[in-house]
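Let me begin by presenting the structure, written as structure tokens, before commenting on it.
The values are calculated or read from the model by the stated rules, or taken from the named source; none is laboratory data. Just so you know, these numbers come straight off a predicted model, no measurement behind them. Every residue, glycine as well, gets a Cβ built from its backbone with ideal geometry; the counts of neighbours run over all protein chains shown.
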Amino acid sequence: MPNAHHRCEFFQARSVWKAMPQMHPLYMSQAFVDPYVNCAFGCVYCYGFNRFMPVEAEELSDSRVGVKTNAPFLLAQHLKTLSSPVPVVLGGVSDPYQPAEEQFCLTRRCLELLIDAHCPIVLNTKSALVLRDVDLLAPASEKGLALVNISVSTMKRSLSDWLEPLAPPPIDRLALIKKLSRRGVLSGAVIAPVFPRLTDHPVDLRLLIRTLAKHEAAYALPSSLWLTAARSVKPETSPESGQDATPAHGSDEALFWKGFEAVLSQNRPELVPYYERLAGVENEVEYMEWRRNVWALLTELCAQYHLPMNLPVDGAFSFSMLPETVLK
């Protein structure tokens, strides 16, 4: 059942399909499907409900989960318009297997439709509920039509407790990779996000990569902390935004940053000035240098543990090959 602090509200969505103007370099797709709005896992770094909430659900507060009751119907209608199958990210903004899914099964119904349409599926989640749908995912994965990304940012429970307060513990998420792999589902990790001076220490990153390899991850996809909100970047300029994306809370582009800064102040107040400086437009050179150093370290570690830094699909970009394109 949904978490008591995340009351569900139902609405008829106008669209369940977001189309990006270009291929997303992390997920190798231009199409995103999200059956839910907001997420009960409460990750402090999530930008989804602040910037990409559908306009018809913009009155939802941050403590509510929006249930797109007509999501499978809308998806079925959209799939009829496709001339050929296209890769789809299921759960690009909110977790498709958050607690509400156990009750409403919208993700499973969407998954069935996408598989029937032969659309390659990249599924993102932190939840063990994904194991419920192995009967669908394993046959599709065997045909090269499905893979599951498990999101993790740190192995330290002391950090995840306030960065991802309601999400499953990191070690439980990593265990999912092995369980999925051994049941025939191609699975790897999205290391998202890497936090400056919080999760980027070489010892911590080595532990994470080594543990991923131990749990039979097929790949590791890194993503750094999203700081553009603090730079007042418009939603339509973000590489994650869809064509129908709209700001959820008026024109306040820095709402995400304010929320993150508040949590950071409570838990690591000494880092607030550093993050404020790093997020400033005038310090973009420092920020980019940090990202390149992190990527260089991750590239070295992943090579040592034989973990590709790209999805195992045709045409996938390697982050180590495209530092200037990906890291900006």
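Okay, here's what the table says:
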read-out: Residue within segment 214-234 that is at pLDDT below 75, part of a helix (DSSP H, G or I), surrounded by 14 or more Cβ atoms within 10 Å (Cβ to Cβ) and of a type in the set (S, T, Y) present; value: yes
read-out: Among (1) in contact (Cβ under 8 Å) with a residue 40 or more places away in the chain; (2) of a type in the set (K, R); (3) closer than 27 Å to P87 by Cα - the single one K156 does not satisfy; value: (3)
read-out: Qualifying positions in segment 105-142 - over 16 Å from P35 (Cα atoms), in contact with a helix residue (DSSP H, G or I) (Cβ under 9 Å, 6 or more places away or on another chain) and charged (D, E, K, R); value: D116, R132
read-out: Hey, E270 modelled with pLDDT of 90 or more and of a type in the set (D, E) or not; value: yes
read-out: Complete set of residues in segment 35-69 that are modelled with pLDDT of 75 or more and hydroxyl-bearing (S, T, Y); value: Y36, Y45, T69
read-out: Counted residues, segment 167-201 - those being of a type outside the set (A, V, I, L, M, F, W, C) and in a loop (DSSP other than H, G, I, E, B); value: 9
read-out: Restricting segment 296-319 to residues that are within 20 Å of the chain's Cα centre (by Cα) and at pLDDT below 90, the residue that is farthest from P120 (Cα to Cα); value: F319
read-out: Filtered residue count, segment 143-161, keeping only those that are touching a helix residue (DSSP H, G or I) at 6+ places or on another chain (Cβ under 6 Å) and loosely packed, with under 14 Cβ neighbours inside 10 Å; value: 0
read-out: Any hit, segment 172-189, residues being over 29 Å from D135 (Cα atoms) and among the acidic types (D, E); value: no
read-out: Long-range neighbours under 6 Å by Cβ, at least six apart or interchain, first residue in a strand (DSSP E or B) within segment 12-36, second basic (K, R); value: F32/K18
read-out: The listed residue being more than 26 Å from L207 (Cβ to Cβ) and in contact (Cβ under 8 Å) with a residue 24 or more places away in the chain, out of F104, F195; value: F104
read-out: Given (1) without any contact (Cβ under 8 Å) to a residue 12 or more places away in the chain; (2) surrounded by 22 or more Cβ atoms within 10 Å (Cβ to Cβ); (3) among the charged types (D, E, K, R), index of the condition D135 fails; value: (2)
read-out: Residues (farther than 15 Å from C46 by Cβ and not acidic (D, E)) located in segment 98-107; value: P99, A100, Q103, F104, C105, L106, T107
